[in-house]
Every structure is written in structure tokens, then in C-alpha cells.
Amino acid sequence: MLAAWTTPDELALFDAQHVADRRHGLDVVAYLRRAGVTDRDVLVAGLLHDCAKGDTGAGPRIAWSLGERFGTRVLGPARVVPGWPAALDRLRDHADASADLLAAAGLAPDAVGLVRHQADPSGLR
């Protein structure tokens, strides 16, 4: 079904995502559609806004979420776990990296901006 409204490059980004990010992206698209959004580029931005998180497992994702809730002091101990520093860096930088991937895939600049500023997109549209 996604192939009907995404480009091959966008679909490749979707397929490369961790299963949790694919599910989340589909949920975001469903939410946007229920809210009346029909702009294809905005829907693609919702679908792929986390595409640069890579194959980050549950442990670093939990540590990152705890760090967002309780402060960055939580991340210090998490950074000593082998393999986690790179995963935590991907989570930290994923908005810009995802926006760059989507720009390279040809997504419209305003939709790329939504991804780049996903933490607070209120001033963009």
C-alpha cells in the first residue's frame, strides 16, 4: 500500500527502519489522516521522520527516553555500555540526519523542515 504513494527512495528508507520506527511512522500517518491532512509530502514526513535512528535497540531507546524525562545525567552510565554511545548519538542527532536523508530522497523542502524541527514544528507551517 505504501508503494502507491511513496517514491522508491522513500520506500527504501521506510524498509530500512527499525520495526518500532516503521510502526510509529504508520501510526503518525494514521493520526495525520484522521486530522484531515492530505498533503503527500507531510504524510511522508510523518512516516519517515525517524528514518535515521537506524537499528537502535530497546536499551538505548529506553535510556534516551529516561534521559529526556529525568535529565542527561541518566545518559552518562548508559554511555559505558558497549555499542550504546553510537546508538545514543544517533538518537540525539536523528532529526537532522532524517531530514538530510529525506532531502536527498527528494522530499519537498517544507516537509524536510518539519522533520528537521520535529521537536517543535509549530512555527513551520
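The values are calculated or read from the model by the stated rules, or taken from the named source; none is laboratory data. Just so we're clear, the structure is a prediction, and the values are computed from it rather than from any experiment. Cβ placement follows ideal geometry from the backbone for every residue including glycine, while neighbour counts extend to all protein chains displayed. Calculation scope for accessible area: heavy atoms of the full protein, side chains included, ligands and nucleic acids excluded. Shrake-Rupley method; radii C 1.70, N 1.55, O 1.52, S 1.80 Å.
For the reader, a short list of remarks on this structure follows.
- Residue pairs meeting the criteria (Cβ under 9 Å; at least 6 apart or on separate chains; first without any contact (Cβ under 8 Å) to a residue 12 or more places away in the chain and at negative phi, in the stretch 20-38; second open to solvent by 40 Å² or more (accessible area, probe 1.4 Å) and part of a helix (DSSP H, G or I)): R22/D15; V37/Y31
- Single residue of the stretch 1-10 satisfying the filter (under 17 Å from A30 (Cα atoms) and surrounded by 14 or more Cβ atoms within 10 Å (Cβ to Cβ)) that is modelled with the highest pLDDT: T6
- Subset of the stretch 15-28 [more than 16 Å from V112 (Cβ to Cβ) and either open to solvent by less than 30 Å² (accessible area, probe 1.4 Å) or in a loop (DSSP other than H, G, I, E, B) (or both)]: Q17, H18, D21
- Any hit, the stretch 58-73, residues being touching an Asp or Glu at 6+ places or on another chain (Cβ under 7 Å), open to solvent by less than 80 Å² (accessible area, probe 1.4 Å) and either free of Cβ contacts under 8 Å to residues at least 40 places away in the same chain or within 17 Å of L101 (Cβ to Cβ) (or both): no
- The single residue among G83, G36, G123 that is at pLDDT 95 or above and exposed (fewer than 12 other Cβ atoms within 10 Å of the Cβ) turns out to be G36.
- Selection count, the stretch 93-112, where residues are of a type in the set (D, E, K, R) and within 16 Å of A12 (Cα to Cα): 1
- Count of the stretch 24-82 residues, restricted to those that are among the aliphatic types (A, V, I, L, M) and over 16 Å from the mean Cα position of the chain (by Cα), is 9.
- Condition met for D96 (within 24 Å of A111 (Cα to Cα), of a type in the set (D, E, K, R) and touching a helix residue (DSSP H, G or I) at 6+ places or on another chain (Cβ under 7 Å)): yes
- For the stretch 43-55, a residue qualifies if it is within 12 Å of R92 (Cα to Cα) and in contact with a Leu (Cβ under 7 Å, 6 or more places away or on another chain), and the qualifying residues are A52, K53.
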